[in-house]
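Working notes for the structure below.
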C-alpha cells in the first residue's frame, strides 16, 4: 500500500491530478461560448445548453460501463486509452460541420471522458492507505477545479480570437501532450485483485450499492448539489453577457477563475475531516454554498464573483467528502460503487438545465437562486441524516 507523502504517493497523486485536469479541460471548454453559440445557431438557451448536457449525460452512462469493467480487467489501461480518445475527439470537434454534428461528437467525447473519473478513486482505494487516500482525493478533486477553469479560459480566450474551432484544436493538442506525461507518471497497480466480469454479478453489485442507505444518500447528495452548481455557471454566462454587464467570451471565461474557491475547498477538506465528521463537513459545505448563492443576487460584478467563489468552495468541500465517503463505505465492487456516485453526479449536471430553466424564464437570476435553495435544502437534510445515522455506533464518521 502507498503511504502518505511517500515518493510513490506524490507520483500517483500527480498523475491522477493531471488526468483529472485533462478530463475537465475537455468537458468544460465550450461553456463560456454558450451565448455566442446561441446567437450563431439561432437556438434557445435550453437548446444551446445541450452542448454541455449531452456530454455530461453520455459521461454518466459510460460510468456504468467503465466502473464494473475496471473491477474485471484493471484500471490503468482504461484511464490511459480513454484520455487519448478524448484528445482526438477534441480535434474532431473543430471539424464539426453543423450544430447536430457538434452534439454527436460531444456525446462521444463525453462517453470516453468517463474512463478516468469512473476508476480513479477506486484506483486510490486499491493502492493507498486510508489516510493517504483521503488526502489524495482532496487534491485529485482540486485538479477537477483547475481543469474546469483551464478549459473555460482556453475555450473563451481562443473562441474570441479564432472561433470555437481554434478553442477545440488547442484543447485537443494540450490533451495529447498531457496523455504522454500521464502515461509515464502513473505507477503500475499492485493492490488490484481482478474479478471475472459477469453481467449478473455486476448488476448485483449495482443493486447492492443502491440498497445501501449510506451509499445512496451520498449519491443523491452529490448529484443534486452538482445539478445546481454547474448549471448556475451556465445561467450566469447569460446574465453577464446581457446588459448592464455585456461581457464577451474572453471575460466570461475569466469568470470561471472563481473555481479556484473550489480548489481551495477540496484541498482543505482533508484537514477539515480531522476535526469534523464527514457528514458534518458535507453540511458545512452546503451551507456555505447557500450563502454564496445569496451573495450572487447583488448587482455588483465583484460581489457576483465573490458569491461564485464562495459557492465553489462550499460545493467542493461537500463533493470531496461525499465521494470519499463512497470509497470508504462500499462493501464490494469499489470500482462500480465509485462509478455509480459519478453516474448520479453527472446525471444531475445534465438534468439541471431542465430544473432551472423555468426559474430562469420566470424570474431571471433571482429565480435561479430560488431553484438552487430548494435543492440545497434537500441535500442539507440528507447530510444531516447521515450525521445522525448510527446503527453500529460508527456511522457519521
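General observations
- Computed over the chain with a Gaussian network model linking Cα atoms closer than 10 Å, the most mobile of 72, 29, 312 is 72.
- Computed over the alpha-carbon atoms, the chain gives an Rg to Rh ratio of 0.95, Rh here being the Kirkwood radius from the mean inverse distance.
- Its residue count N sets the reference 2.2 N^0.38 Å, and the alpha-carbon radius of gyration of the stretch 152-248 equals 1.70 times that reference.
- Compactness of the stretch 15-174 - radius of gyration and Dmax, Cα, Å: 16.0, 53
- Between 44, 58, 267, the GNM of the chain built on Cα springs shorter than 10 angstrom shows 44 fluctuating the most.
- Rounded to the nearest 0.05, the FRET efficiency derived from the C-beta distance between residue 271 and residue 165 at R0 = 30 Å is 0.10.
- Reduced Cα scattering model of the stretch 1-88, Debye log10 I(q)/I(0), q = 0.13 Å⁻¹: -0.61
- Ordering 9, 355, 325 from the fewest to the most neighbouring beta carbons within 10 Å gives 355, 9, 325.
- Net length gained if the chain between residue 180 and residue 41 were fully extended (0.36 nm per residue, minus Cα distance): 46.4 nm
- In terms of other Cβ atoms within 10 Å, 3, 275, 319 run from fewest to most in the order 275, 3, 319.
- Computed over the stretch 305-393, the P(r) curve from all C-alpha pair distances, binned at 10 Å from the origin, holds 13, 37, 34, 13, 3 percent per bin.
- Most fluctuating residue given options 51, 171, 291, as computed from a GNM of the chain linking Cα atoms under 10 Å: 291
- Convex hull volume of the Cα atoms of the stretch 277-316, normalised per residue: 35 Å³.
- Estimated from the Cβ-Cβ distance and a Förster radius of 30 angstrom, the FRET efficiency linking residue 104 and residue 354 is about 0.90.
- Modelled FRET efficiency - R0 41 Å, residue 362 with residue 91, Cβ distances, 0.05 increments: 0.50
- Rg/Rh (Cα only; Kirkwood hydrodynamic radius) as it applies to the stretch 121-163: 1.30
- The ranking of 180, 326 by Cβ neighbour count inside 10 Å, starting from the fewest, reads 180, 326.
- Radius of gyration and maximum dimension Dmax of the stretch 145-184, Cα, Å: 10.9, 34
- Working note: Cα gyration tensor of the stretch 1-51, eigenvalues times five, square-rooted, sorted largest first, giving semi-axes of 41, 8, 6 Å.
- Rg over Rh for the stretch 119-207 works out to 1.12, both radii taken from alpha-carbon positions and Rh defined as the Kirkwood radius.
- Sequence-separation-based contact order of the stretch 1-147, relative, with Cα cut under 8 Å and 6+ spacing, percent: 44
- The value obtained for the stretch 248-397, namely the Cα convex hull volume divided by the number of residues, is 126 Å³ per residue.
- With the helix formula -39500 (n - 2.57) applied to DSSP H stretches of n ≥ 4, the chain reaches a computed 222 nm mean residue ellipticity of -28500 deg cm²/dmol.
- The stretch 261-328 shape via C-alpha gyration tensor axes, a/c threshold 1.5: prolate
Every read-out reported here was derived from the displayed coordinates using simple, explicitly stated rules and does not represent laboratory data. In this text the structure is predicted, and so the values were computed from the model without any measurement. All Cβ positions, glycine included, derive from the backbone under ideal geometry; neighbour counts span all protein chains shown.
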